[in-house]
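**Student:** Here it is: the structure, laid out below.
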Amino acid sequence: GDKNFEKLDSIFLPEAIWYDGPIGYSYDQIAGYATRWNESNSSEPTYVSSDNEYASYSMSSMPTEPVVAATFNKELVEREGELFGEDGLWSNANSIAAPGLNIHRAPYCSRKHEYYSEDPLVAGVTAASTTLGVQSNEGIGVTIKHYAGNNQENNRNAVNNTITERALREIYLKGFEIAVKTANPMAIMTSYNLNNSMPAADDYDLCTDIPRGEWGFNGLIMTD
């Protein structure tokens with residue numbers, strides 16, 4: 001029954017809470033521990049007990065990722081990441097589903113505001129700075145995404161990219177590599193698309209040999 005599941009959860013399954021965060025910590029409604037600045041004006045967490053209770057929390061609104069990348073200021077980006085992580089912690093999050101590292105390619109891609117740049121070096125360095133900032137807060141990490149080759153939103157769960165190994169490594173993986181080696185993000189989120197007829201989430205070379213074998217990644221690799 002429910003009590004057995006609660007017992008198992010308490011013993012084996014520590015709670016993990018992810019929140020989306022392309023332009024700062026993102027939420028619609030939450031139940032659990034959170035900071036209610038409008039009532040307490042304090043950083044002490046307050047428990048929100050009723051189901052589907054819409055909260056009025058004061059969370060920071062961050063600039064979009066292309067604007068952040070355009071600063072070319074690692075220290076400023078890292079400071080933004082610190083604030084980003086604080087917002088997540090105030091709402092009992094363990095990780096934030098960001099930053100996005102996909103390369104700007106399609107002019108009409110509806111989610112380019114979530115991705116830093118058409119330049120993999122700029123994307124990687126900026127994501128690394130964000131990661132260092134967020135993870136300077138104990139107890140919260142980032143999930144860099146969408147790994148890899150997620151270059152369009154239309155039919156993104158079935159599109160099959162034809163990518164040479166050189167292009168994959170020099171363009172589409174380079175930002176992820178920089179972020180992993182520089183900042184050790186907590187997690188990597190795979191993408192829905194196929195690359196050379198292989199689903200990204202099922203690609204052992206992409207998800208194990210490269211990040212773990214070549215980059216030394218020791219975190220979580222998860223699906224979208």
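The values are calculated or read from the model by the stated rules, or taken from the named source; none is laboratory data. Small disclaimer: the values here were computed from a predicted structure and weren't measured. Every residue, glycine among them, receives a Cβ derived from its backbone with ideal geometry; neighbour counts consider all protein chains shown. SASA here: full protein model, heavy atoms, side chains in, ligands and nucleic acids out. Shrake-Rupley method; radii C 1.70, N 1.55, O 1.52, S 1.80 Å.
**Student:** Under the rule a/c < 1.5 gives rounded, and otherwise a/b versus b/c splits prolate from oblate, where does region 92-181 land using the Cα gyration tensor? Write down the numbers at each step before the final one.
**Tutor:** On the way: a/c = 2.09, a/b = 1.56, b/c = 1.33.
Prolate shape, in that a/c is at least 1.5 and a/b is the bigger ratio.
**Student:** Keeping every protein chain present and rolling a 1.4 Å probe, give me the accessible area per residue for region 70-224 in Å².
**Tutor:** Result: 45 Å² of accessible area for each residue.
**Student:** Using a probe of 1.4 angstrom, how much of the accessible area of region 94-200 is carbon and sulfur, in percent?
**Tutor:** The C+S portion of the solvent-accessible surface of region 94-200 is 50 percent.
**Student:** Could you order the peptides 81-89, 159-167 from most to least packed, using the average number of other C-beta atoms within 10 Å per residue? Before the final figure, lay out each step's value.
**Tutor:** Details: 81-89: 23.1, 159-167: 13.0.
With the highest mean Cβ count within 10 Å placed first, the list reads 81-89, 159-167.
**Student:** Which ³J(HN,Hα) values in Hz, rounded to whole numbers, follow from the phi angles of region 88-103 under the Karplus curve 6.51 cos²θ - 1.76 cosθ + 1.60, where θ = phi - 60° and Gly and Pro get x?
**Tutor:** Karplus-based 3J(HN,Hα) across region 88-103 equals x, 5, 4, 10, 6, 7, 9, 8, 10, 7, 5, x, x, 10, 6, 7 Hz.
**Student:** Then there's this: Would you kindly find the accessible area of Val67, with a 1.4 Å probe and non-protein molecules such as ligands, DNA and RNA excluded, rounding to the nearest 10 Å²?
**Tutor:** 80
**Student:** Reported to two decimal places, what Rg/Rh ratio describes region 57-100 when computed on Cα atoms with Rh from the Kirkwood expression?
**Tutor:** 0.97
**Student:** All other residues with a Cβ under 12 Å from the Cβ of Tyr172 taken together, and with Lys, Arg as +1 and Asp, Glu as -1, what is their net charge?
**Tutor:** Numbers: positive: Arg105, Arg166, Arg169, Lys174; negative: Glu118, Glu165, Glu170, Glu177.
Net charge around Tyr172: 0.
**Student:** Output the relative contact order of region 74-224, whole-number percent, from Cα pairs under 8 angstrom with separation of 6+ residues.
**Tutor:** For region 74-224, the relative contact order is 25 percent.
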